[in-house]
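Student: The structure under discussion is supplied below as structure tokens; questions concerning it will follow.
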Amino acid sequence: MLDEVSITRQLQRESQFEPPFCPRSSCANHRPESAREGFWKKDGWAKLKRFPYASKRFKCRDCSKGFSASLFQLHYRQKVWGLNAKIFDYFELGASKRAIARKIR
Ligand SMILES: [Zn+2]
């Protein structure tokens, strides 16, 4: 998936997202193949300090736990977006984690 640079497009993409499963391992909807249809409901938007400055929130109807759309994406909990491709390129070349961190700033 390409990293998005437009806030409008990214928020539109997140607003269309539907979670495939509940992230709680103890929930009956945890496995994507056994998650029942419509197990989640919308729970508003959470403010973020980094791009795109908002994340759609969901709540599981069965376990009542909340989670965000970013949990299902590669950039989950990343403070800076758009570095995954560079990091993977250096990783493929055999660079150590420390060397990669030095190269990517
Ligand atoms: Zn659940």
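The values are calculated or read from the model by the stated rules, or taken from the named source; none is laboratory data. The structure presented is a predicted model; accordingly, all values stated were derived computationally and were not measured. Neighbour counts run over all protein chains shown; Cβ positions are idealised from the backbone, glycine included.
To keep it simple, each residue is scored yes or no on (1) surrounded by 13 or more Cβ atoms within 10 Å (Cβ to Cβ); (2) out of contact with any His (no Cβ under 8 Å at 6 or more places or on another chain); (3) hydrophobic (A, V, I, L, M, F, W, C); (4) not assigned by TED's automatic domain parsing to the domain that holds ARG50.
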site: LYS65; (1), (2), (3), (4): yes, yes, no, no
site: SER68; (1), (2), (3), (4): yes, yes, no, no
site: VAL80; (1), (2), (3), (4): no, yes, yes, yes
site: LEU83; (1), (2), (3), (4): yes, yes, yes, yes
site: PHE88; (1), (2), (3), (4): no, yes, yes, yes
site: ALA95; (1), (2), (3), (4): yes, yes, yes, yes
site: ARG98; (1), (2), (3), (4): no, yes, no, yes
site: ALA101; (1), (2), (3), (4): no, yes, yes, yes
site: ARG105; (1), (2), (3), (4): no, yes, no, yes
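Student: Moving on. Are any residues in region 35-59 within 12 Å of the ligand (Cβ to nearest atom) and among the small types (Gly, Ala, Ser), and if so, which ones?
Tutor: Once the filter is applied, which keeps residues that are within 12 Å of the ligand (Cβ to nearest atom) and among the small types (Gly, Ala, Ser), region 35-59 yields only ALA35.
Student: Can you name the strands (runs of 3 or more DSSP E) wholly within region 1-102 that have at least 1 residues being in contact with a helix residue (DSSP H, G or I) (Cβ under 7 Å, 6 or more places away or on another chain)?
Tutor: Counting at least 1 such residues, we get 54-60.
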